[in-house]
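What follows is one structure encoded as structure tokens, with my remarks underneath.
Derivation of every value follows stated rules applied to the coordinates shown; laboratory data play no part. The structure presented is a predicted model; accordingly, all values stated were derived computationally and were not measured. With ideal geometry, Cβ positions are generated from the backbone for all residues, glycine too; neighbour counts draw on all protein chains shown.
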Amino acid sequence: MKKFIFLFFFTSVLFAQQNMKPEETEVWEPEPNVVTPGILFSPPSDAIILFDGSDFSKWQHQGSKDPVQWTLNSDKSMTVKPGTGSINTIEEHGSIQLHLEWKTPNVIKGEGQGRGNSGIYFQRRYEVQVLDSYENRTYSNGQASSIYKQHIPLVNATRAPGVWQTYDIIFIEPEFDSRGEPTKPGTFTVFLNGVLVQNNVEILGTTEYIGLPKTKRDDMPKHRSLLLQDHGDLVSFRNIWIRKL
């Protein structure tokens with residue numbers, strides 16, 4: 001009897017499928033908004049420009065909130081001024097698409113984590129590593145494009161020191177309940193120089209140098225801004241923009 005019912009149901013569905021019109025599976029609403037793509041790496045029309053080389057108006061010192069002391073260069077880039085501290089955006093962010101270009105120093109100094117080190121912290125909690133990983137061995141979950149101490153990149157797609165490199169990153173923020181307990185993990189998708197290196201990986205919590213990730217919201221930084229790290233190396237950045245998701 002059950003087999004007969006299943007065959008009847010399957011036959012009915014198949015008959016309905018064969019008699020459907022194309023427009024029955026067409027979805028017309030909502031219609032996506034029109035966004036004009038940028039030429040090459042210029043921002044799309046709905047991007048929020050965080051740094052175009054003209055000033056530091058969207059940024060502040062991480063701790064004191066004083067004006068940024070990093071070096072503003074004539075080629076519309078900025079360079080870490082070691083010892084002056086990390087910088088973060090004045091505005092907070094949720095889920096975003098980030099485009100950012102970075103370059104490690106021409107002159108190679110140090111090795112491993114001591115060579116061209118910086119980082120991009122989303123919501124000041126979750127780090128995508130910046131490092132000179134060109135012919136420079138270090139722990140795999142700490143090399144360039146790793147989700148620091150959490151996810152090893154699929155491949156090492158870094159370029160040589162002194163050459164501009166490109167990150168395109170999709171960050172989906174984690175969700176928490178009213179008590180600050182995690183209910184849904186966030187994710188990262190990362191392209192380095194056009195190569196997929198992190199494929200929708202789950203964020204395990206804060207990216208800690210020592211110890212395990214913190215998962216409760218109350219144990220995390222309160223200000224959810226984008227942060228660029230002063231790790232003591234002359235790393236440069238340019239052409240930074242985001243799109244809200």
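In terms of its C-alpha gyration tensor, the stretch 19-121 comes out prolate, because a/c is 1.5 or above and the ratio a/b outweighs b/c. Site pair Thr166 and Thr71 shows an inter-label distance of 2.6 nm when each label is modelled 7 Å from Cα along Cα→Cβ. Residue order for Met20, Met78, fewest other beta carbons within 10 angstrom first, comes to Met20, Met78. Neighbour counts of C-beta atoms inside 10 Å place His151, His231 in the sequence His231, His151, starting with the fewest. The alpha carbon centroids of the stretch 158-236 and the stretch 87-125 are separated by 10 Å. Counting neighbouring beta carbons within 10 Å and listing from fewest to most, the residues Glu173, Glu24, Glu92 come out as Glu24, Glu92, Glu173.
Rounded to whole numbers, the Karplus 3J(HN,Hα) couplings from phi for the stretch 53-61 are x, 8, 6, 10, 5, 9, 10, 8, 5 Hz, using 6.51 cos²θ - 1.76 cosθ + 1.60 with θ = phi - 60°, and x at Gly and Pro. Take every pair of alpha-carbon atoms less than 8 Å apart whose residues are at least six positions apart; their mean separation over the length of the stretch 66-150 yields a relative contact order of 17 percent. Under the convention that each Lys and Arg Cβ holds +1 and each Asp and Glu Cβ holds -1, the size of the dipole of the stretch 38-244 around its Cα centre is about 140 debye. Once divided by 2.2 N^0.38 Å, the Cα radius of gyration of the chain becomes 1.27. Computed from Cα positions, the angle between helix 2-18 and the longest principal axis of the chain comes to roughly 70 degrees. Taking θ as phi - 60° and the Karplus parameters 6.51, -1.76 and 1.60, the scalar couplings of the stretch 180-187 work out to x, 7, x, 10, 8, x, x, 9 Hz in sequence order, x denoting glycine and proline.
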